[in-house]
Structure formats: structure tokens, C-alpha cells
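**Student:** The following block contains the structure, expressed as C-alpha cells.
The values are calculated or read from the model by the stated rules, or taken from the named source; none is laboratory data. These figures come from a predicted structure and were not determined experimentally. Here the Cβ positions follow ideal geometry from the backbone for every residue, glycine too, while neighbour counts run over all protein chains shown. These accessible areas exclude ligands, DNA and RNA; they are computed on the full protein's heavy atoms, side chains included. Shrake-Rupley method; radii C 1.70, N 1.55, O 1.52, S 1.80 Å.
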Amino acid sequence: MLGRLKSAVLSAVGTSELGLQYPTDSDADSVTDLINSNLPITVETKPYSRPSFLGLTSEETQVSADHRVRPIIVPRDLSRLPWCAGYAECINAGKSTWNEDQATAMRGDLKLMDSNLSVPYVMFSMFDGHAGYQVALTSRLHLHRIILERLMAVPGEMLLVDDNDKALARGRDLIIGAIELAYRQMDQMVEQQAHKGGGGCTALTVLFFNGRLYAAGAGDSRTTLVLGESERALTRDHTPDSESNRVRALGHLKGTELLKGQFTPLEFRKRPLQRDLGSLVLYREPYMTGWAYKNLTPPDLRLPLLSGQGKRSRVMGTIGVTRGFGDHGLKAANTGVSIKPFLSSQPEVQALDLEECNLTERDCIILATDGLWDVVSDKVAANILRKTLAPDNPSLEYRLTMGAQELVQAARGRLIGRVWRLKSENQEDGDEEILSMASVDDISVMVVPLYPYLCEHRQWIKTQQQERRHSISSLKSLSVNDTT
């Protein structure tokens with residue numbers, strides 16, 4: 001059985017042939033039960049598992065973790081994801097024992113506070129774990145619930161208010177605030193777990209609510225909008241390089257407390273050496289965009305708070321992402337200085353009014369971990385997706401999954417000798433030209449269509465209008481009867 005299963009999985013095409021047995025519970029069911037119970041949630045260490053919508057048995061999970069072959073895994077039952085959204089993943093090339101990425105999706109109706117009205121929502125999330133899978137797994141199981149609780153705590157009439165000058169806050173701002181608070185609460189929940197060595201994770205959340213898309217991101221995973229012939233990132237990568245001003249400013253303001261005399265928040269044009277003491281060197285302080293000269297002193301020889309550039313940049317020479325969950329116990333090597341104060345759980349959130357986008361059924365968003373984005377640009381990813389979605393056959397729900405597969409394949413490349421390399425578009429079969437390195441990280445990709453939600457939202461608005469007209473009509477009828 002396992003041999004036949006492995007053969008099918010490795011083809012990266014027909015998980016519909018696997019005959020998977022789905023568990024009786026799901027992430028969505030668990031979250032709904034937790035919300036209705038009103039009980040406090042304790043974070044417990046859970047055994048490793050893959051996203052519930054994949055429906056993998058423990059045996060199949062073992063097969064999916066083959067680092068030599070790196071099989072591309074897709075859901076067997078496409079209807080397990082809202083609108084048959086596409087999903088595909090593959091494990092790293094030996095970086096960690098398990099695929100430390102996690103993903104989840106759920107849909108339901110949000111009961112508004114002090115109101116009989118319920119508003120439909122759909123939510124997708126993706127997490128990229130590091131130094132262990134536990135924080136990513138815990139976030140997958142709990143973040144949705146926390147976001148929903150925060151939304152339900154907002155007065156219902158305020159949550160739907162928008163573009164009203166008399167309102168104290170617009171609905172979209174309250175929704176963004178709820179997501180931001182939920183991210184902070186999630187980080188607090190995993191603190192004890194992370195202190196025990198549970199590592200951390202980046203986070204992406206996409207919420208469809210009241211006709212808008214809310215894209216939240218903390219870390220270097222990314223959500224990209226593919227709209228017609230254009231594409232743009234809806235979230236920003238948070239790395240030591242991209243957030244150097246924030247991190248250095250904190251080190252400058254609280255250097256004595258946080259840097260412990262081991263690091264300097266100053267940036268030098270080139271790493272100063274002992275022999276440079278007393279000489280003029282180029283440097284800049286936090287918030288500076290230009291450069292200045294200073295006489296080099298012994299404190300300037302301390303380790304740099306930030307080092308490297310781009311994806312190789314690090315905080316205290318240790319971690320390459322500056323936002324996300326966990327990492328509460330992370331220390332800089334050989335110094336014992338805590339890195340967590342320089343890391344933030346706050347997401348950046350962007351709201352998009354879908355009524356203003358002139359959507360078609362082929363417009364999508366791509367949620368993916370950096371296993372994709374490290375080697376595939378937004379433009380290249382969008383072109384791959386457009387090419388996959390363009391035909392009329394097979395049906396769109398299958399092409400969404402095919403699109404996710406193609407994106408994972410593009411980043412994973414193929415094994416040439418002992419190295420995973422990207423395939424050149426101009427390369428012929430058998431051509432052994434030197435190719436760029438492919439991603440050796442875990443790769444997870446979700447392709448979510450936008451048009452189905454807009455159709456559902458319009459229908460919901462229409463139903464609400466019809467119910468209001470019916471209520472008004474009934475009231476008028478009762479009034480006439482009372483008069484007569």
C-alpha cells in the first residue's frame with residue numbers, strides 16, 4: 001500500500017488516486033466549538049500534523065517528508081477549501097525533519113454584537129515555522145479563533161460603518177485593529193511554548209468580510225494580488241534589511257537595557273577593525289539616510305546589531321525575519337542577549353475593496369511562504385498562474401490546484417546530481433547548462449480566486465435588502481390592520 005501511495009504522490013498529479021481517509025474533525029470545526037464554548041484556551045503541545053484539508057494519514061505524512069524526492073502534495077478533495085482554492089506544498093531538501101509550514105482556511109457567519117445580523121466571512125492563513133514546527137502548528141489551530149473573537153467584540157453597527165464622516169471610526173479600521181490585536185494575543189499565547197524551544201513562525205492572514213479583502217502579514221511570507229495583466233504585493237517582507245530603521249532606532253533608544261554592551265546600533269560603511277581606532281570612518285545613526293564621518297572609538301568595535309543585506313541580513317547575527325510569532329527565548333550566540341525585544345508580532349494590514357477591482361473569474365491572490373518568493377518574483381509567479389488559468393479546460397477549480405502545483409514546481413526545480421536547480425525556460429531536455437539554485441526550503445502555495453466571494457457578497461446584500469423590504473411591508477400591513 002505504501003509503495004503504491006508513494007508512487008502516486010511522487011507523480012505530483014493524482015492525489016485523487018490516493019484514496020485518502022479524512023479525519024472526522026477539522027480546524028474549522030474545532031475553532032467553531034472553541035468560540036461557542038467561551039472557555040479559556042490553553043496552549044498544549046500537539047503532535048505534528050499537516051493542514052487538515054490535505055487529509056493525510058500518518059503514513060502519508062511520512063511519505064510527504066521524503067527530502068530526497070520532495071513530492072508535491074495537493075488536496076485530494078478540492079472542495080475542502082473554500083471556492084476550491086488551489087493548494088500545493090513540498091518539503092525542504094533536508095533543512096529540517098518536517099515541513100514546518102502550516103496553512104488553514106475556514107468560512108462561516110460572524111454573529112455581530114447586540115444584533116440579530118450575521119455577516120459571512122472567509123479566512124485563509126499560512127505560517128512558516130523556524131527552529132521547530134510547534135509555534136506554526138499552534139498558530140494554525142488558534143489564530144482564526146482569536147481573530148473572530150476580536151471581531152465579535154466590536155459593536156455590530158460600528159463594524160459595518162464605512163465612509164461616514166460622523167462615525168468615530170470606519171468599519172475597515174476596526175477590522176484592521178481586530179487583526180492587529182489578535183496577532184499580539186497569538187504571540188502572547190505561544191510565549192511559554194517558545195521559551196521551551198518551540199522556535200517561531202511568520203504569519204499571513206487573508207480575511208474576506210463585508211465586500212473587502214484584508215491582507216495581513218508579519219514576516220517574509222507574502223500575499224500577492226494577480227489582477228488582469230497586473231500584479232502587486234499586498235504584504236511586505238519584514239527582514240532586518242527592510243526594517244533596519246525600526247530595529248536600529250530601538251537599539252539606539254534602549255541600548256543600555258537591550259544591547260548589554262555587546263552590540264552597536266550604528267551602521268558603518270565597512271566593518272571597523274581594531275587597527276582603525278582613532279581614524280575617520282563613515283557611519284550613520286538610526287533614521288539617517290545619508291552618511292557622516294566620526295572618529296572610531298572602542299565602543300564602535302562592538303558586534304553590529306544588524307548585519308548582512310537582503311535575505312542574508314540578520315539581527316544580532318542570528319535571525320533573518322523581524323516579525324512573526326514566538327522566538328521568546330531566542331538569544332544571540334555567545335552573548336546571551338535576548339533578541340525578542342527587536343522582533344514584532346504586529347502585522348501590516350492592507351484593505352482592498354473588491355467592488356472597485358472589476359474582477360473576473362481568473363483574478364486571484366497567491367499566499368506563499370518564502371520558499372517560493374526566494375527564487376520566484378511576483379511577476380514570474382503571476383505569469384505562471386495566468387498561463388495555467390487561461391484555458392477553459394479542465395474546469396477552473398482544477399486549474400487553481402494546477403496553478404499552485406506549477407508555482408511549487410517552479411520554485412523547487414529539479415534535482416541535478418545532488419543539487420536542486422531551477423529549470424530555464426530556454427533549456428532543452430538533456431541540456432546540462434549551469435542553472436540557478438532552486439529553493440531548498442519548505443514551499444507552500446495557496447491560490448485563492450476573488451470573484452466567487454464578490455458574487456457571494458452581492459447575493460448576501462441582495463438577500464438583506466429583500467428581508468428589510470419584507471419587514472417594512474409587514475410592519476405597514478400590521479399598522480393598517482391596527483388602524484382599521
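**Student:** Only one residue in Glu231, Glu285 is surrounded by 13 or more Cβ atoms within 10 Å (Cβ to Cβ), out of contact with any Gly (no Cβ under 6 Å at 6 or more places or on another chain) and within 30 Å of Val448 (Cα to Cα), so which one is that?
**Tutor:** Glu231 is the lone residue from the list that is surrounded by 13 or more Cβ atoms within 10 Å (Cβ to Cβ), out of contact with any Gly (no Cβ under 6 Å at 6 or more places or on another chain) and within 30 Å of Val448 (Cα to Cα).
**Student:** Out of Ala169, Ala249, I need the residue that is open to solvent by less than 10 Å² (accessible area, probe 1.4 Å) and over 23 Å from the mean Cα position of the chain (by Cα). Which one?
**Tutor:** Ala249
**Student:** Same structure again: If you take the residues in segment 341-365 that are in a loop (DSSP other than H, G, I, E, B) and polar (S, T, N, Q), which one is surrounded by the most Cβ atoms within 10 Å (Cβ to Cβ)?
**Tutor:** Within segment 341-365, the match that is surrounded by the most Cβ atoms within 10 Å (Cβ to Cβ) is Ser345.
**Student:** Take segment 106-145 and flag every residue that is touching a Lys or Arg at 6+ places or on another chain (Cβ under 6 Å) and either without any contact (Cβ under 8 Å) to a residue 40 or more places away in the chain or open to solvent by 10 Å² or more (accessible area, probe 1.4 Å) (or both).
**Tutor:** Ser118
**Student:** Additional query: If you go through segment 252-282 one residue at a time, how many are surrounded by 19 or more Cβ atoms within 10 Å (Cβ to Cβ) and hydroxyl-bearing (Ser, Thr, Tyr)?
**Tutor:** Residues in segment 252-282 being surrounded by 19 or more Cβ atoms within 10 Å (Cβ to Cβ) and hydroxyl-bearing (Ser, Thr, Tyr): 1 in total.
**Student:** Also, quick follow-up: For segment 372-379, check the following and say yes or no: at least one residue is at positive phi and open to solvent by less than 30 Å² (accessible area, probe 1.4 Å).
**Tutor:** Looking for residues that are at positive phi and open to solvent by less than 30 Å² (accessible area, probe 1.4 Å), one finds none in segment 372-379, hence no.
**Student:** Return the pairs, sorted by first residue and then second, in which the second residue is open to solvent by 10 Å² or more (accessible area, probe 1.4 Å), the first residue lies in segment 173-190 and is polar (S, T, N, Q), the beta carbons are less than 8 Å apart, and the residues are 6+ apart or on different chains.
**Tutor:** Gln185/Arg150
**Student:** I've got another one for you. Those residues that are over 11 Å from Ala233 (Cβ atoms) and aliphatic (A, V, I, L, M), I need them from segment 369-381; list them, please.
**Tutor:** Answer for segment 369-381, where residues must be over 11 Å from Ala233 (Cβ atoms) and aliphatic (A, V, I, L, M): Leu372, Val375, Val376, Val380.
**Student:** Just to be sure I understand, how many residues within segment 274-284 are under 26 Å from Glu243 (Cα atoms) and part of a loop (DSSP other than H, G, I, E, B)?
**Tutor:** 0
**Student:** Mind checking which residues of segment 232-265 are part of a loop (DSSP other than H, G, I, E, B) and closer than 24 Å to Thr369 by Cα?
**Tutor:** Leu234, Thr235, Arg236, Asp237, His238, Thr239, Pro240, Asp241, Ser242, Glu243
**Student:** Select, from Gln262, Gln350, Gln309, the only residue that is modelled with pLDDT under 95 and of a type outside the set (Gly, Ala, Ser).
**Tutor:** When all the criteria are applied, what remains is Gln309.
**Student:** Still on this structure: Which members of segment 350-366 meet the condition of being among the charged types (D, E, K, R) and under 21 Å from Arg399 (Cα atoms)?
**Tutor:** Glu361, Arg362, Asp363
**Student:** Could you list, in sequence order, all residues of segment 206-228 that are in a strand (DSSP E or B), of a type in the set (D, E, K, R) and in contact with a Gly (Cβ under 8 Å, 6 or more places away or on another chain)?
**Tutor:** Those that are in a strand (DSSP E or B), of a type in the set (D, E, K, R) and in contact with a Gly (Cβ under 8 Å, 6 or more places away or on another chain): none in segment 206-228.
**Student:** I'd like to check something: does segment 409-416 contain any residue that is part of a loop (DSSP other than H, G, I, E, B) and on the phi < 0 side of the Ramachandran plot?
**Tutor:** no
**Student:** Which of the numbered conditions does His195 fail, given that it passes all the others? Conditions: (1) open to solvent by 20 Å² or more (accessible area, probe 1.4 Å); (2) modelled with pLDDT of 95 or more; (3) in contact with a His (Cβ under 8 Å, 6 or more places away or on another chain).
**Tutor:** Against the list (1) open to solvent by 20 Å² or more (accessible area, probe 1.4 Å); (2) modelled with pLDDT of 95 or more; (3) in contact with a His (Cβ under 8 Å, 6 or more places away or on another chain), His195 comes up short only on (2).
**Student:** Taking Val376, is it under 24 Å from Asp363 (Cβ atoms) and assigned to a loop (DSSP other than H, G, I, E, B)?
**Tutor:** Taking the combined requirement at face value, the residue satisfies it.
**Student:** If I ask for residues that are closer than 15 Å to Met446 by Cβ and of a type in the set (Val, Ile, Thr), which ones from segment 375-412 would you list?
**Tutor:** If the condition is that a residue be closer than 15 Å to Met446 by Cβ and of a type in the set (Val, Ile, Thr), then Val376, Ile384, Thr388, Thr401, Val408 are the ones that fit.
**Student:** If you don't mind, another one. Please go through segment 146-166 and pick out each residue that is open to solvent by less than 30 Å² (accessible area, probe 1.4 Å), in a helix (DSSP H, G or I) and at pLDDT below 95.
**Tutor:** Passing the criteria: Gly156, Leu159.
**Student:** Considering only residues that are in contact with a Gly (Cβ under 6 Å, 6 or more places away or on another chain) and assigned to a loop (DSSP other than H, G, I, E, B), look in segment 299-340 and name the one that is surrounded by the fewest Cβ atoms within 10 Å (Cβ to Cβ).
**Tutor:** The extreme case among them is Val321.
**Student:** Sort out which residues of segment 434-456 are open to solvent by 20 Å² or more (accessible area, probe 1.4 Å), within 15 Å of Trp373 (Cβ to Cβ) and β-branched (Val, Ile, Thr), and write them in order of number.
**Tutor:** Within segment 434-456, Val440 is the sole residue that qualifies.
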